[in-house]
Each structure stands twice: as C-alpha cells, then as structure tokens.
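Working notes for the structure below.
The values are calculated or read from the model by the stated rules, or taken from the named source; none is laboratory data. Keep in mind that what you see is a predicted model, and the values were worked out from it rather than measured. Here the Cβ is made from the backbone with ideal geometry for all residues, glycine too, and neighbour counts use every protein chain on show. Calculation scope for accessible area: heavy atoms of the full protein, side chains included, ligands and nucleic acids excluded. Shrake-Rupley method; radii C 1.70, N 1.55, O 1.52, S 1.80 Å.
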Amino acid sequence: MKADIGEMQRSFGEIKLFPESSDDLWHLKHLVIPGCLVFATTLRSVEGATDKIRPEKQEKRPVRLGIRVEQVEFHEYAIRLRVFGLIEQGVDEGSHHTLNLEPGYEISVIRTWFQTDLDRIDRAVKSAGAEAVHILAIEEGDAELYRMHSYGPRQIFSLTAGSGKGMECSTRQDLYDAVIAVLEPVIGPLVIAGPGFIKEDFARRLKALQPNRAGALLVIETRRSGRGAVQEVIGQGVLEKLTGDLQLAREVRFLDELMARIAKGEPVAYGMQEVSDGVKFGATETLLIADTGLHNPDVTALVSEAEAMRADVVILSTEFEPGQRLEKLGGVAALLRYPIS
C-alpha cells in the first residue's frame with residue numbers, strides 16, 4: 001500500500017490510498033466506512049453524440065466522482081473491494097454508484113481518523129513488497145499448507161495419506177513427494193511446524209531436493225497440528241521475526257490473556273455495556289475490538305473514548321481464530337487495571 005497523508009485538523013481530513021495487493025484491499029475495507037466521502041476515477045455511462053441509427057447510444061467514460069459511502073464489501077477471491085454509495089460530487093449527483101476497487105486503483109478518503117486507522121495504514125505501507133510467508137503444518141499422514149495474509153492464515157493445500165486426488169499416498173515417502181511437488185512454485189519464507197519428528201524428517205527431504213530453500217526455512221515445534229499448529233507459530237512471534245509484522249501475534253497473545261483472566265476471575269470486561277463502563281471509569285488498559293464492529297457508530301465512539309483515555313486499542317481480524325472467539329463474546333472486550341464491579 002502507498003499512502004499520502006496530508007494535513008488534518010483534529011484528526012479529520014483526506015488521505016490518498018493506493019492499494020497494491022489483496023491484503024491492501026482488506027485493509028481498505030476497514031478504512032472506507034459508511035458515512036465517509038470517497039473520491040475516485042471510475043467509468044460512468046454518459047450520453048454520446050446523437051445519431052440517426054442509435055439516437056440514445058450511451059458509452060462509458062472515465063469520470064471523477066465523490067461517493068458518500070453506504071456499504072463496503074470485500075471479495076477476497078475476486079481480489080476486489082466494492083464500495084456502494086450516493087454520488088455527492090461529479091456527474092449524476094444524487095444517483096447511486098458502485099466503485100469496484102482493485103490493486104492499482106487510487107482513491108482519496110475523507111473522514112475522521114482514529115489512531116488505530118493510522119496504525120493500520122502504517123502497517124500496510126511497511127508490508128508493501130514483502131514476500132508472503134507460508135506455513136506447512138505436517139504430522140504423520142497429514143499435511144496442510146497455509147499462506148499468511150494481514151488478516152490471518154488461508155489454507156491453500158490439504159492432503160491426507162490415502163485420500164489424495166489422483167495421488168497414491170500410501171506411504172510417508174509418497175506424502176512427502178506430493179507435498180514437495182505442491183511447494184515447487186512457492187517462493188519466500190517457509191515455516192514447517194507440527195508435533196513429533198515428522199517435520200524434521202520432511203525438512204531434510206525438502207532441503208535435499210530443493211537446496212535453495214535452506215536459507216528461508218524454519219522448523220518449529222508445536223503441541224497442536226493443522227490450523228492449531230499455525231496459530232501456535234503465530235503466537236510464538238515467528239512472523240514478527242520473518243516480516244517485522246507484530247499484529248497477528250498480538251491478537252493471539254491478547255485473546256489468550258483475556259481468556260486466562262476470565263478463567264482466573266481476574267479483572268476483565270466483555271460485552272458493550274461492561275466495556276463502556278471500563279473505559280468511562282479509566283480502568284481499561286487494553287481495549288479489544290473485533291473488526292466487524294468498526295462500521296458500528298457505537299463501537300467507533302468507544303474506540304475514540306478509549307484513545308482519549310490513553311488505553312491501548314487492538315483490532316482483531318475475524319478472519320482469524322482469536323477475532324472469531326472475541327466475536328462470540330460480543331465483539332468487544334477489555335483487559336482492566338482493576339475491577340469495576
């Protein structure tokens with residue numbers, strides 16, 4: 001992501017954003033919110049020159065529009081962000097229009113910005129051009145490959161011995177060879193994780209066949225397998241070491257801390273009312289917000305109040321397990337300095 005942050009008064013102003021990847025579009029989903037004004041160049045049907053054959057012919061031409069946003073949808077697999085709203089500036093004012101944003105599509109966003117928004121932009125800018133990290137969770141008879149995104153892991157391959165489509169994986173060696181074939185086009189850092197000795201055995205086989213991987217290969221011991229192993233890897237701070245990105249590890253750690261405090265009866269709050277009280281009384285040390293709540297005015301008001309009270313605010317992705325668990329607790333929670341009831 002590229003960003004141009006101009007002068008802002010009291011956190012209100014215009015920021016130009018240039019997404020370069022699907023991860024950037026996911027970030028934009030949380031930066032372009034209902035009620036904000038977005039300027040972009042888009043194609044719009046305009047009346048063409050009248051002729052006798054087709055007197056009402058219309059053609060689409062590039063025009064710059066200002067859209068007052070009503071709805072935002074992120075389509076991960078289409079690599080597209082749809083922004084729907086009312087044209088406030090430009091041709092056909094008062095009509096509705098949908099912007100289909102893709103990587104390489106510059107927009108300007110005018111709204112009130114919170115520190116969490118600026119942190120998100122900074123994170124996206126710093127990760128620009130970084131190679132994607134892949135995590136292979138492997139154990140006896142099973143292998144799963146995940147690609148890491150800003151919003152969490154995405155499974156891109158899964159194989160269980162004996163169930164491969166068109167592949168006979170009746171032995172451990174067959175499984176290794178099938179996984180190595182899938183890894184052939186994968187570039188960038190690779191983490192091999194899982195319980196037991198299988199991961200080391202597979203890593204030796206991989207290095208022997210693809211020696212160029214040795215410098216970008218980590219083998220990590222975990223207690224769990226599959227997706228659970230991936231979460232353990234993230235919680236151990238491995239991504240932070242590989243890419244400098246702290247966020248996903250923070251999400252794991254803070255959610256684990258929240259659940260541990262709940263189990264021990266230590267000071268926490270969850271649910272809108274309890275958390276609002278914690279922020280109001282100045283008892284909130286860390287405010288945890290599920291990203292699905294960022295388009296809710298009550299939640300954004302809570303974030304603003306927490307920032308004013310100098311509480312740490314952490315936004316958790318609901319594409320990732322910690323955010324999903326937080327969502328089940330009401331979407332908001334807080335680690336408190338002291339009990340409030």
The Kirkwood hydrodynamic radius of region 81-159, taken as the inverse of the mean 1/r over all distinct Cα pairs, in Å, comes to 16.6 Å
Output for the chain (equivalent-ellipsoid semi-axes, sqrt of 5λ from the C-alpha gyration tensor, Å, descending) is 40, 32, 16
Rounded to the nearest 10 Å², the accessible area of Glu200 using a 1.4 Å probe with every protein chain kept is 70 Å²
Of Leu255, Leu294, Leu206, the most mobile residue in a GNM of the chain (C-alpha springs, cutoff 10 Å) is Leu206
Taking only the alpha-carbon positions of region 150-239 as identical scatterers, the Debye log10 I(q)/I(0) at q = 0.15, 0.18, 0.24 Å⁻¹ comes out as -0.61, -0.89, -1.50
Full extension between Glu140 and Gln155 adds, at 0.36 nm per residue less the Cα distance, a length in nm of 3.5 nm
Around Ile67 (Cβ within 13 Å, Cβ-to-Cβ, excluding Ile67; K/R +1, D/E -1) the net charge comes to +1
Note: probe point = Cα of Ile79 + 7 Å toward Cβ; backbone nitrogen < 17 Å; residues of region 20-37 passing the test are 20-29
Here the percent of antiparallel bridges among DSSP beta bridges lying wholly in the chain, to the nearest 5, is 80 percent
Cα-based Rg and Dmax for region 116-164, in Å, come out at 15.3, 49
With Rh as the Kirkwood radius over Cα pairs, region 205-255 has Rg/Rh of 1.06
Extension length gain for Lys241 and Asp174 (0.36 nm per residue less Cα distance), in nm, is 20.9 nm
Quick calc: nm separation of the 7 Å Cα→Cβ label points for Met309 and Arg204 -> 5.6 nm
Expressed in angstrom and ordered largest first, the alpha-carbon extents of region 70-117 along the principal axes are 30, 30, 19
Rh (Kirkwood, all Cα-Cα pairs) for region 203-330, Å, reads 16.6 Å
Mean projected area (nm²) from the convex hull of Cα positions in region 133-289 is 11.2 nm²
Normalised per residue, the volume inside the convex hull of the alpha-carbon atoms of region 109-209 in Å³ amounts to 138 Å³
Residue separation between Lys60 and Arg337 times 0.36 nm, minus their alpha-carbon distance, gives in nm 93.9 nm
FRET efficiency (Leu217, Ser95; Cβ distance; R0 56 Å; to 0.05) is 0.55
